[in-house]
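Asks: Please see the structure below; I have some questions.
No value in this document is a laboratory result; all are computed from the given coordinates. All values reported here derive from a predicted model rather than from experimental measurement.
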Amino acid sequence: FQPKVLAGKRVLITAGPTFEAIDPVRGITNLSSGKMGYAVARAAREAGAEVVLVSGPTALATPHGVRRQEVQSAQQMHDAVMAALNGQHVFIGVAAVADWRVTNASAHKMKKQDGAAPPQLEFAQNTDILAAVAATTSVSGWPYCVGFAAESENLVEFGAVKREKKGIPLLVGNIGPHTFGQDDNTVILFDEDGHTVLPRADKLTLARQLVSEIAKRIDRSLLT
Ligand code: C5P
């Protein structure tokens, strides 16, 4: 049983990897399974929220009662998030968004030719969706923004710095480089007061704890 700590709240979540096309049949992606983002969506729904999940390509089923919008590229994810942002109380960026997109993608399948030089890809940096959402909160105070960080070293130090850099009240750090695709995770929550470790558990358990930590912080900020 989950208490309905987010009843009446609207929550927007990104999850999964993105896919950056090289040509119509090829692209660049990453090893995010989407499991953590989908677990957070499920936990937020269980907690009574109205949940929109903007998801890159994954093999996962949509959690019960969650509205899912599928996207491929980081740009599509950014546009879908911005279009859905109005009226959201919480934004949780769990997606592993590609840092770069290919600017010279081919409209047709590239052909391999004997003796020809391989294609040269060119890249441009993608917009940081989380930072863009966080930058909108100065007007109404909403949405409460939560980010994720997967660092392979010095997480405690980098986590605090990343939270400030992104301009968000809460950052969730994954411990260890091997969380992609796994069912278990250990996470550290960074907020303005410091950091708290949530011990190793399955992703749904951690997602439920995260949802209750978010609800606590929202309630606290509404009181002050
Ligand atoms: O900067 P870094 O990629 O480590 O930050 C990770 C956090 O920022 C995650 O919450 C991720 O969803 C979000 N992010 C984003 N858009 C990007 C890059 C990261 O929303 N282009």
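Asks: Apply the membrane-span-like helix rule to the chain: whole DSSP H runs, Cα extent along the own long axis of at least 20 Å, mean Kyte-Doolittle hydropathy at least -1.0. List the helices found.
Replies: Both cut-offs are met by 203-223.
Asks: Leaving out same-chain residues fewer than 8 places away, which aspartates and glutamates sit with a Cα under 18 Å from that of Lys9?
Replies: Glu46, Glu50, Glu213, Asp219
Asks: Express the relative contact order of the chain as a whole percentage, based on alpha carbon pairs under 8 Å and six or more residues apart in sequence. If you can, show how the numbers build up before the last one.
Replies: Details: 460 pairs, mean separation 44.3, N = 224.
Reported relative contact order: 20 percent.
Asks: Below 8 Å, C-alpha to C-alpha, sequence gap of six or more: please give me the relative contact order for the stretch 33-98 in percent.
Replies: Relative contact order comes out at 31 percent.
Asks: Something else: Over 10 Å intervals from 0, what percent of Cα-Cα pairs in the chain sits in each interval?
Replies: Final binned percentages: 8, 33, 36, 15, 6, 2, 0.
Asks: When the expected Rg is taken as 2.2 N^0.38 Å, what fraction or multiple of it is the alpha-carbon Rg of the stretch 60-193?
Replies: Normalised Cα radius of gyration, the stretch 60-193: 1.29.
Asks: Give the relative contact order (percent, whole number) for the stretch 25-140; include only Cα pairs under 8 Å separated by 6+ residues.
Replies: Once normalised by length, the contact order is 22 percent.
Asks: For the chain, what is the calculated [θ] at 222 nm in deg cm²/dmol (nearest 500), taking -39500 (n - 2.57) for each run of four or more DSSP H residues and dividing by its residue count?
Replies: -9000 deg cm²/dmol
Asks: Taking a cut-off of 12 Å, what percent of all Cα-Cα pairs in the stretch 60-104 are separated by more than that?
Replies: Summing the P(r) tail past 12 Å for the stretch 60-104 gives 72 percent.
Asks: Using a Debye calculation, one point per C-alpha and no hydration shell, please list log10 I(q)/I(0) for the stretch 142-224 at q = 0.16, 0.17 Å⁻¹ in order.
Replies: Debye curve over Cα of the stretch 142-224, log10 I(q)/I(0) at q = 0.16, 0.17 Å⁻¹: -0.59, -0.66.
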